[in-house]
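The values are calculated or read from the model by the stated rules, or taken from the named source; none is laboratory data. Being a predicted model, the structure only gives us computed values, none of them experimental. Quick reminder, even Gly has a Cβ in these numbers, built from the backbone with ideal geometry, and neighbours come from all protein chains shown.
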Amino acid sequence: MYNEKVIEHYSNPRNVGEIENASGIGEVGNPVCGDIMKMYLQIEDGIIKDVKFKTFGCGAAIATSSISTELIKGKTIDEALKLTNKDVVDELGGLPPVKLHCSVLAEEAIRTAIADYLRKQGNMTEEEILEKCKLDKGGQCSHCHDVVEE
Ligand code: FES
C-alpha cells in the first residue's frame, strides 16, 4: 500500500519535537479522521531556520509531516506558503488515494504556524494575514477543506 519512501519517513521521521519560544506555532486537526498535527517554526529574517513537529495521527500523516519539514527548512516564508499538499505527496512518490486527505494536515499546519508568526510580528492586519496565508476566517486553510471534502 505504501512505497518505501513513505515507510522510511514513517519509521524514521525527521524533525520530531518542539521548539521552545518558537516564532510561530500551528496546530491543526483533520476533520475527516480527527488526527492532529502541531508545527513549530523558528524564523529569522523571514527565513525558516528550524522546524519541528508533533503528529498524533496515522502513518501517512507522520510521513507527510516529516517530509514537509525537510521541504521548508531554510526556505523563506513566501516559499513555504507556496508548498501544497500535492508537492508533499509528489515528493513522497505518492500516497494511496484513500490516504491523500492525510497530506493536507502538513500544508495546513505550515500556513497556520506562519500566520501565528505574522500575528506576533504585529505589522499586518488579520485580514492581510489570512489572505497571505490562504486561510479562511476560522483560521483554516480553505484549499485544504476543498481537498478534504472531495
Ligand atoms: Fe488521519 Fe491520516 S487517517 S491524517
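A few notes on this one:
- Any helices (runs of 4 or more DSSP H) falling wholly within the range 14-110 and containing at least 3 residues that are at pLDDT 95 or above, aliphatic (A, V, I, L, M) and closer than 25 Å to LYS132 by Cβ: 59-72, 77-81
- When ILE25 is tested against the conditions (1) out of contact with any helix residue (DSSP H, G or I) (no Cβ under 6 Å at 6 or more places or on another chain); (2) more than 16 Å from the ligand (Cβ to nearest atom); (3) under 23 Å from ASP136 (Cβ atoms), the lone failure is (1).
- Options ALA109, ALA113: the member that is buried (at least 23 other Cβ atoms within 10 Å of the Cβ), more than 13 Å from the ligand (Cβ to nearest atom) and touching a residue at least 24 places away in the same chain (Cβ under 8 Å): ALA113
- Top-ranked residue in the range 39-76 [being crowded, with 22+ Cβ neighbours inside 10 Å and over 11 Å from ALA106 (Cβ atoms); ranked as farthest from the ligand (Cβ to nearest atom)]: ILE43
- Under the condition of being in contact with a helix residue (DSSP H, G or I) (Cβ under 6 Å, 6 or more places away or on another chain) and either of a type in the set (Lys, Arg) or outside any helix (DSSP H, G or I) (or both), the residues counted in the range 120-133 number 2.
- Residue match in the range 81-101 (condition: touching a residue at least 12 places away in the same chain (Cβ under 8 Å), more than 16 Å from the ligand (Cβ to nearest atom), over 29 Å from MET1 (Cα atoms) and of a type in the set (Val, Ile, Thr)): no
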